[in-house]
Amino acid sequence: MSSTKRISQEEYLAKKAEAMQNEPIARMIPLGSISLEPNSYADGFVRIDGKSVSAETSFFERLSKMLNISGGMRRDLAGNGKDGRLDSGGMFASMVEAMKMLKNTKHAGANVTVIGDPTTNQLTGITNKAYSRIPNSSLFDIADGIMKRYPNIQPLDVNVRGGGMGLGMSFVNDLDIGFGNSGGPDGGLEDHQFGFTLNNGIVTSIGDFAYRLVCSNGMMGMVNRDLFKMTELTSKGINDMFGTIAQMEKRRFIPIDYERNLKTSSATHASFAELEQMYDTVVGNLVKDDNDVVNAHNRQEIARTFFRGISAVYSKLAARNIDPKNLTKKQKQFIVTPQTMWDAINSLTWLGSHETTYKWKNQSWLQVEAGHAFAKEYDLANLDLLQM
């Protein structure tokens, strides 16, 4: 049995050093101290207490979201000149000012936290929610402590995102743990490896995940859910975080309800709505070819090979002169397909983890979506109750 691919100790230490250098700078200031000029969005700067401060596009995006200005409205108000410069930024600046006044009226003296990249000295983000994260160095101390106590825990990946705004680490328990799969060809045990994630964004969070190891089918990653998000950077918040880690250790890092979900997905048929959603996720991830015939062939092949239940439902609907386009999502959720959820999820993870002839925008994201599908409540899980 092949094990999961891991980064080397040298790579881990290099990422750790990079994360130390990318610790974001955060300052709490009054919202009213921030102002925009007509060319702020175009030239990438804002004024804080009258002083000019460089700002990345991400800052304006987060500022807009915080002030309930939609992305479409932001783009419309900012405009876009033929020379590539944003030539109508005055309207966007006026909108920001109006929304600031409204927010200050509702929340007198509202404070916000501005976040900056220490390597570029540019603002990268802003939030009016609690900026609750421990330093990157402390997150690595926690990870190092877990690996010291549990020699089987190994670093899988470390991702230091730009702007000092993100650090994501994943670790795997390098022990194969067998689970029975009633949907398998022999009903026997299948080996799994389990792990966890430590993440630093605006908040510190902890997640878990599972790898299903099948020699004939390759390694399949199933991302589960967030277990913890730090809502306050206090002694209670830190104690709660360590409590979450302690509970994971007791479970051997096996996600909560994993075995139950495994059995349920094998015994539950996917609904028409669930299959369509997974299919749309896959084809939406394809890089379009210049040839429309190739695009059509790829879509048909994916439907026929991986989501055959869709074609089966289409045939039944056609026999009854029903156009599937006229069905609501609720109606589709009650249509039974011949595929189980386990089979459909495996299709998604196979496409996300194997070399194919298809070109993807982000192939690994298919594994993430498979994890979400695996952990959700299935449309037809209680179908037997409807048939009483």
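The values are calculated or read from the model by the stated rules, or taken from the named source; none is laboratory data. These numbers were taken from a predicted model, which means no experiment stands behind them. Virtual Cβ from ideal backbone geometry, glycine too; neighbours counted across all protein chains shown. Note: accessible area is taken over every heavy atom of the protein model, side chains too, but ligands, DNA and RNA are not part of it. Shrake-Rupley method; radii C 1.70, N 1.55, O 1.52, S 1.80 Å.
Taking the range 127-155 as the range and being part of a strand (DSSP E or B) and either within 21 Å of MET230 (Cβ to Cβ) or of a type outside the set (A, V, I, L, M) (or both) as the test, the residues that pass are THR127, GLN154, PRO155.
If you filter the range 178-212 down to residues that are modelled with pLDDT of 75 or more and not in a strand (DSSP E or B), you find that the one that is surrounded by the most Cβ atoms within 10 Å (Cβ to Cβ) is ILE202. Contact map, the range 290-303: first residue open to solvent by 100 Å² or more (accessible area, probe 1.4 Å), second residue modelled with pLDDT under 90 and basic (Lys, Arg), Cβ cut-off under 8 Å, separation 6 or more or different chains; the map is empty.
Selection of the range 274-289 for residues being surrounded by 19 or more Cβ atoms within 10 Å (Cβ to Cβ) and of a type in the set (A, V, I, L, M, F, W, C) yields LEU275, MET278, VAL282. Just wondering, is there one or more residues in the range 288-298 that are of a type in the set (Gly, Ala, Ser) and within 19 Å of LEU366 (Cα to Cα)? There is no residue in the range 288-298 that is of a type in the set (Gly, Ala, Ser) and within 19 Å of LEU366 (Cα to Cα).
Quick check, is THR124 part of a strand (DSSP E or B) and either among the basic types (Lys, Arg) or touching a residue at least 40 places away in the same chain (Cβ under 8 Å) (or both)? Before you say what the answer is, go through the steps one by one.
Working: part of a strand (DSSP E or B): yes; either among the basic types (Lys, Arg) or touching a residue at least 40 places away in the same chain (Cβ under 8 Å) (or both): yes.
Answer is yes for this residue.
Counted as qualifying within the range 309-388 are the helices (runs of 4 or more DSSP H) with 2 or more residues that are in contact with a Ser or Thr (Cβ under 8 Å, 6 or more places away or on another chain) and hydrophobic (A, V, I, L, M, F, W, C), namely 341-353, 365-375.
Quick check on PHE306: is it free of Cβ contacts under 8 Å to residues at least 60 places away in the same chain and not hydroxyl-bearing (Ser, Thr, Tyr)? Walk me through how you get there before you give the answer.
Values: free of Cβ contacts under 8 Å to residues at least 60 places away in the same chain: yes; not hydroxyl-bearing (Ser, Thr, Tyr): yes.
Yes.
Criterion applied to SER35, SER40, SER8 was being under 30 Å from ILE142 (Cα atoms) and hydroxyl-bearing (Ser, Thr, Tyr), and the one residue passing it is SER8. Only a single item in (1) in contact with a Gly (Cβ under 9 Å, 6 or more places away or on another chain); (2) open to solvent by less than 40 Å² (accessible area, probe 1.4 Å); (3) of a type outside the set (D, E, K, R) is not met by TYR378, and it is number (1). Can SER8 be described as over 15 Å from ASP117 (Cβ atoms) and open to solvent by 60 Å² or more (accessible area, probe 1.4 Å)? Judged against the criteria, SER8 is not a match.
Quick one: would you say LEU383 is at pLDDT 85 or above and on the phi < 0 side of the Ramachandran plot?
Values: at pLDDT 85 or above: no; on the phi < 0 side of the Ramachandran plot: yes.
No; evaluated as a whole, the condition is false for this residue.
Is it true that some residue in the range 213-222 is at pLDDT 85 or above, part of a strand (DSSP E or B) and buried (at least 20 other Cβ atoms within 10 Å of the Cβ)? Explain how you work it out, then say what you get.
The initial filter retains those residues of the range 213-222 that are at pLDDT 85 or above, namely none.
Checked against the condition, which is being at pLDDT 85 or above, part of a strand (DSSP E or B) and buried (at least 20 other Cβ atoms within 10 Å of the Cβ), the range 213-222 yields no hits at all.
Pull up the range 252-267, narrow it to residues that are under 24 Å from ASN173 (Cα atoms) and open to solvent by 40 Å² or more (accessible area, probe 1.4 Å), then point me to the one that is modelled with the highest pLDDT. So the residue we want is ARG252. Just one of the numbered conditions (1) open to solvent by less than 30 Å² (accessible area, probe 1.4 Å); (2) without any contact (Cβ under 8 Å) to a residue 12 or more places away in the chain is not true of ALA270: (2).
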